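The values are calculated or read from the model by the stated rules, or taken from the named source; none is laboratory data. Remember, predicted model here, so these are calculated numbers, not experimental data. Virtual Cβ from ideal backbone geometry, glycine too; neighbours counted across all protein chains shown. The accessibility values were calculated without ligands, DNA or RNA, using every heavy atom of the protein model including side chains. Shrake-Rupley method; radii C 1.70, N 1.55, O 1.52, S 1.80 Å.
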2 protein chains.
Amino acid sequence: MSGKGQQGRRPRADVQRNRAALLAAAQRHFLRDGVGASLEAVAKEAGVGPGTLYRHFPTREALLAAVLQTRSEELVARRADIAQLDDASERLRQWLRAMEEYFSAFSGLPEPLMAAARAQDPDNPLTLPCDDLITTTDEYLRAAQCAGQARPSVKGYDLFLAAISTAWISGTGATDEESLGRLRTLIESGYRERSDEE
Amino acid sequence: MSGKGQQGRRPRADVQRNRAALLAAAQRHFLRDGVGASLEAVAKEAGVGPGTLYRHFPTREALLAAVLQTRSEELVARRADIAQLDDASERLRQWLRAMEEYFSAFSGLPEPLMAAARAQDPDNPLTLPCDDLITTTDEYLRAAQCAGQARPSVKGYDLFLAAISTAWISGTGATDEESLGRLRTLIESGYRERSDEE
DNA sequence: ACCTTGTGCGGAGCCAGCCTCCGTTTTATG
DNA sequence: CATAAAACGGAGGCTGGCTCCGCACAAGGT
């Protein structure tokens with residue numbers, strides 16, 4: 001009857017240690033080698049066996065989602081900053097940029113994210129974050145549309161696609177920052193309403 | 001002194017047969033499984049050993065480039081059709097669409113194409129086709145710009161990026177045709193000149 | 001028809017990475 | 001300190017990429 005209610009035992013100490021070590025190692029490897037990094041190497045660097053890794057994170061996506069959790073929280077924080085801005089168009093613009101940076105956390109990240117966004121597979125731990133992003137994008141977009149600053153024909157999902165594909169290009173490492181900037185401008189001109197002040 | 005000049009021998013017959021069988025099998029597998037298809041399976045289906053496959057095509061990219069040759073010729077043919085059109089803007093639009101379809105030949109194709117476009121690596125057999133596409137895009141774009149139908153700030157490479165990223169999204173299979181259509185429209189609005197008839 | 005030559009064939013074999021299963025170790029608790 | 005549950009970790013099966021070398025067979029001469 002004491003402590004954690006129905007759970008008879010307290011959780012073991014090493015499980016937390018291992019989990020933390022795995023996450024740290026995974027982040028390093030994903031940063032260096034992209035989302036396709038060798039999971040065996042991650043386990044070795046964390047000082048655990050492959051079995052332990054797979055017990056904690058049954059799939060690559062699960063590990064990815066866990067590592068991404070930190071970034072996700074950063075994104076939420078940035079959302080608060082963005083909400084302070086006056087101009088709806090500027091809010092949308094900065095939100096898109098923030099989302100793109102989130103997608104660019106690791107090279108190759110857009111691929112599994114798109115796969116998760118596809119089939120609403122509830123087993124895929126990346127599905128939830130994705131849905132949230134799309135919904136948020138739609139909110140910012142609608143605000144801009146009401147202010148007459150974005151075309152009515154555009155949908156939130158379209159801008160999600162635009163942001164993730166820009167991140168994909170960025171992740172291939174084949175393109176300089178200048179070209180990426182022009183591409184972002186092109187997309188922005190694409191969703192902005194034509195008859196516009198500024 | 002007859003035939004192929006300095007070459008003493010005529011090329012063997014089985015070489016051509018094997019090459020053709022490999023290309024046919026590779027096309028089938030790339031179509032079904034994307035560019036990451038198992039090369040061993042390709043060799044087996046072609047009725048040859050792995051060694052033979054790798055002698056004909058030392059890398060996956062080489063095989064891909066050879067299979068793509070057919071599509072590349074289709075694209076050249078389409079270019080001739082497009083050149084017939086009156087409107088420079090329409091020519092650009094249709095060229096971009098043709099290029100996107102070329103990129104969508106196999107699932108996952110944009111990835112190695114971008115890698116080839118990156119470093120001008122002369123060893124990569126996909127580099128040449130890519131450069132050609134970018135140059136052609138630039139030509140069509142310049143014509144449209146001279147006709148006042150495209151923004152002067154846009155570059156050919158930007159539209160190449162837009163097309164290949166659209167193809168990437170399409171290849172993930174995560175998006176319906178309707179959303180893709182809206183994305184294309186968005187991009188088109190992005191590069192078109194604002195003060196425009198129609 | 002048969003030999004000679006050398007080009008091309010093909011599979012055995014090695015490596016890397018994914019993932020699982022189970023005997024062993026570690027940990028919380030009485 | 002004893003005990004049982006929980007977690008560990010590595011051996012091992014599997015797939016796929018890629019190489020290397022002995023062998024077979026097609027081309028060309030006699």
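Tabulated data for the structure shown
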| read-out | value |
| --- | --- |
| Test: residue in segment A:118-138 that is within 7 Å of chain B (Cβ to nearest Cβ) and without any contact (Cβ under 8 Å) to a residue 24 or more places away in the chain | yes |
| Close pairs (7 angstrom Cβ cut-off, 6 or more residues apart or separate chains): free of Cβ contacts under 8 Å to residues at least 12 places away in the same chain in segment A:65-85, of a type in the set (D, E, K, R) anywhere | A:Leu85/A:Arg91 |
| Residues located in segment B:7-53, provided they are within 22 Å of B:Gln69 (Cα to Cα) and basic (Lys, Arg) | B:Arg17, B:Arg19, B:Arg28, B:Arg32 |
| Subset of segment A:163-198 (residues that are touching a Lys or Arg at 6+ places or on another chain (Cβ under 9 Å) and closer than 23 Å to B:Leu109 by Cβ) | A:Ala163, A:Thr166, A:Thr172, A:Gly173, A:Ala174, A:Thr175, A:Ser179, A:Leu186 |
| Residue within segment B:150-159 that is open to solvent by 40 Å² or more (accessible area, probe 1.4 Å), without any contact (Cβ under 8 Å) to a residue 12 or more places away in the chain and either within 30 Å of A:Ile134 (Cβ to Cβ) or not in a helix (DSSP H, G or I) (or both) present | yes |
| Odd one out for A:Arg192, checked against (1) facing another protein chain (nearest Cβ under 10 Å); (2) out of contact with any strand residue (DSSP E or B) (no Cβ under 8 Å at 6 or more places or on another chain); (3) closer than 21 Å to B:Ser189 by Cα; (4) open to solvent by 40 Å² or more (accessible area, probe 1.4 Å) | (2) |
| Among the candidates A:Phe160, A:Phe106, A:Phe57, residue that is within 16 Å of DNA strand D (Cβ to nearest atom) and either in the same structural domain as A:Thr172 (by TED's automatic domain parsing) or aromatic (Phe, Trp, Tyr) (or both) | A:Phe57 |
| The listed residue being within 10 Å of another protein chain (Cβ to nearest Cβ), at pLDDT 95 or above and touching a Ser or Thr at 6+ places or on another chain (Cβ under 6 Å), out of A:Ser165, A:Ser179 | A:Ser165 |
| Residues satisfying the stated conditions in segment A:108-127, i.e. in a helix (DSSP H, G or I) and acidic (Asp, Glu) | A:Glu111 |
| First in segment A:19-39 and without any contact (Cβ under 8 Å) to a residue 40 or more places away in the chain, second anywhere and of a type outside the set (D, E, K, R) and in a helix (DSSP H, G or I), Cβ under 6 Å, 6 or more apart | A:Arg19/A:His56; A:Ala21/A:Ala46; A:Ala25/A:Val42; A:Ala25/A:Ala46; A:His29/A:Val42; A:Ala37/A:His29; A:Ala37/A:Phe30 |
| Residue list for segment B:11-33, restricted to those being aliphatic (A, V, I, L, M), within 12 Å of DNA strand C (Cβ to nearest atom) and modelled with pLDDT of 95 or more | B:Val15, B:Ala20, B:Ala21, B:Leu22 |
